[in-house]
Amino acid sequence: MPDMQIESEIKITEKASGEVKKIMQENNIPEGYGLRVGVKGGGCSGLTYTLGFDGEQKDGDTVIEANGIKLLVDGKSLFYLSGTELDFTDGLNGKGFVFNNPNAVKTCGCGESFGV
């Protein structure tokens, strides 16, 4: 199946892409791997975000190139994540990746789960 590339329906900030590149380098993640972004059932608001490195594009995946990072997103997750911006924060409230999701109508206090 040929690569499906679309305009960035999911965006990644420069700060987040820099952190992803740093993590890849520190953990010897091979070149060509992408950041798999997704959602799964669970959490206090119904759905939780997932992040991980993947070297294999699966059937139904959408590939998004953004700020030098290859994002891999399955079709179900793309439905919930369309328009989302992935950011990274290292502020007073903690350090980590943040999903700014316009589709989330409710979120939990920790920001790791959401409902639509």
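The values are calculated or read from the model by the stated rules, or taken from the named source; none is laboratory data. Note that this is a predicted model, so its numbers are computed, not measured. Methodologically, a virtual Cβ is constructed for each residue, glycine included, from the backbone with ideal geometry; neighbour enumeration extends over all protein chains shown.
General remarks:
- Residues (more than 16 Å from residue 85 (Cβ to Cβ), in contact (Cβ under 8 Å) with a residue 60 or more places away in the chain and of a type in the set (S, T, N, Q)) located in the range 11-68: 45, 48
- Selection from the range 10-51 of residues that are of a type in the set (D, E, K, R) and either part of a strand (DSSP E or B) or within 25 Å of residue 90 (Cα to Cα) (or both): 11, 14, 15, 19, 21, 22, 26, 36, 40
Here's the yes/no breakdown for (1) under 17 Å from residue 40 (Cα atoms); (2) at pLDDT below 85:
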site	(1), (2)
67	no, no
77	yes, no
82	yes, no
85	no, no
111	yes, yes
116	yes, yes
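- Residues that are surrounded by 15 or more Cβ atoms within 10 Å (Cβ to Cβ) and under 10 Å from the mean Cα position of the chain (by Cα) within the range 27-50 comprise 35, 36, 37, 38, 39, 49, listed in sequence order.
- Every residue from the range 75-94 that is within 17 Å of residue 12 (Cβ to Cβ) and charged (D, E, K, R): 85, 87, 90
- Qualifying residue in the range 52-71 (condition: closer than 13 Å to residue 9 by Cβ, outside any loop (DSSP other than H, G, I, E, B) and within 10 Å of the chain's Cα centre (by Cα)): yes
- The conditions of being at pLDDT below 90 and over 15 Å from residue 98 (Cβ atoms) are met by residue 40.
- Those residues of the range 72-100 which are in contact (Cβ under 8 Å) with a residue 60 or more places away in the chain and part of a loop (DSSP other than H, G, I, E, B), in sequence order: 82, 83, 84
- Apart from one condition, residue 9 fits all of (1) at pLDDT 95 or above; (2) touching a helix residue (DSSP H, G or I) at 6+ places or on another chain (Cβ under 9 Å); the exception is (1).
- Extreme residue, modelled with the lowest pLDDT, among residues of the range 89-109 that are hydrophobic (A, V, I, L, M, F, W, C) and over 11 Å from the mean Cα position of the chain (by Cα): 108
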